[in-house]
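Here the structure comes first, spelled out in structure tokens, and everything after it is commentary.
The values are calculated or read from the model by the stated rules, or taken from the named source; none is laboratory data. None of the values given here were measured: they were computed from a predicted structure. With ideal geometry, Cβ positions are generated from the backbone for all residues, glycine too; neighbour counts draw on all protein chains shown.
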Amino acid sequence: MNGSGGALSDYLLAVLLGVVEGLTEFLPVSSTAHLRISQSLLGLDLGNAYWKTFSIVIQLGAILCLPIYFRGRIGAFVRDFPRGSRGDRTPLTHPLTLTLIAFVTTAIPAFLLTRIIGKNLERLSVMALALILGGAAMWIVDTIYERSGRRAFAGARLVDDLERMNVGHALWIGACQVLSAVFPGTSRSMATITAGEIGGMSRAAALEFSFFVSMPTMAAATVYDLLKSLRSRAGGSDIGAMPNDLHAWIVLAIGFVVSFVVAYAVVAWFMTWVRTRGLGIFAAYRIVVGAAVLWFAR
């Protein structure tokens, strides 16, 4: 299946990659970059169709933790649509609509730029630069945000809840999210959280909206890639190929479950962390990892 040396090693690889995906999917450090780096360090062929499909499936496992974790919040939004819990929302400004607006703002340019995205996916040097530049941008914005008492970008009103957002916030965050699609290594969560802070949102509100926008955005991208994999029966494609034996299916299942469990724990931890601490540690981590990858990729 992958030339890694038998069933046991494949199962261990599935666990390791599932942990990497679960740990990094929702942290502002780029899961795509970490998966590619991990596959390279583990000696896997980055162009192998099966492992491309494996990456898609474990990402789906991480995504599915979000609707379960936020089921109470989602249920409340559905029940109070379109007026909101305070009765001051409209069908256009309700959080569910704003999530859809941000998703569409990202999806259309990302789809049109598919060729650029595909060209950059396997290039570690591009990912390394995106890690470094994204880390620097996140550190600068978060430092200004923190030192100003969280009001540097807010003007007269800090948006501290999704029900205080407007269409401009959704458009801005959706547009910034495109960067993570075009330049793997940027990190979708880094782009959306930083954009939210610049747009006058509290860090916690920006994070929560980042999670909400990630549900349709990541689900659409993952299902699209998975369908393309399903269509490629003979030898795979540029996207991937589905398993052709029981062992390969078991490896997929292990990665999926591990990614789901780890991602759920990370989401719960990160929600608490962001409310009390800054993002500086993640910015520093991105810069260090990006510099190391850039040096090794020379």
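Looking at this structure, is Gly185 over 20 Å from Ser55 (Cα atoms) and surrounded by 22 or more Cβ atoms within 10 Å (Cβ to Cβ)?
For Gly185, the condition - over 20 Å from Ser55 (Cα atoms) and surrounded by 22 or more Cβ atoms within 10 Å (Cβ to Cβ) - is not met.
Is it true that Arg298 is charged (D, E, K, R), more than 17 Å from the chain's Cα centre (by Cα), within 19 Å of Leu124 (Cα to Cα) and surrounded by fewer than 17 Cβ atoms within 10 Å (Cβ to Cβ)? Here the answer is yes, as Arg298 does meet what is asked. Every listed requirement among (1) surrounded by 15 or more Cβ atoms within 10 Å (Cβ to Cβ); (2) modelled with pLDDT under 90; (3) closer than 23 Å to Ile173 by Cβ; (4) among the polar types (S, T, N, Q) is met by Thr114 save one, (1). In the stretch 1-28, of all residues being of a type in the set (Ser, Thr, Tyr) and at pLDDT 90 or above, the one that is nearest to the chain's Cα centre (by Cα) corresponds to Thr24.
Is there a residue in the stretch 41-55 that is among the charged types (D, E, K, R) and assigned to a loop (DSSP other than H, G, I, E, B)? Walk me through it before giving the result.
Step one: of the stretch 41-55, the residues among the charged types (D, E, K, R) are 45, 52.
Subsequent filtering for residues that are assigned to a loop (DSSP other than H, G, I, E, B) retains 45.
Checked the stretch 41-55: at least one residue is among the charged types (D, E, K, R) and assigned to a loop (DSSP other than H, G, I, E, B).
Tell me whether the stretch 85-94 contains one or more residues that are loosely packed, with under 12 Cβ neighbours inside 10 Å and of a type in the set (Asp, Glu). Among the residues of the stretch 85-94, at least one is loosely packed, with under 12 Cβ neighbours inside 10 Å and of a type in the set (Asp, Glu), which makes the answer yes.
From the list Thr186, Thr114, the one residue that fits, being under 19 Å from Ser210 (Cβ atoms) and of a type in the set (Ser, Thr, Tyr), is Thr186.
Filter the stretch 83-108 down to residues that are assigned to a loop (DSSP other than H, G, I, E, B) and under 18 Å from His169 (Cα atoms) and give me whichever is farthest from the chain's Cα centre (by Cα). Lay out the reasoning, then the answer.
Residues of the stretch 83-108 assigned to a loop (DSSP other than H, G, I, E, B): 83-94.
Going one step further and asking which of them are under 18 Å from His169 (Cα atoms), we end up with 84, 88-94.
Details: Gly84: 27, Asp88: 31, Arg89: 28, Thr90: 29, Pro91: 27, Leu92: 25, Thr93: 24, His94: 23 Å.
Only one residue fits best here, namely Asp88.
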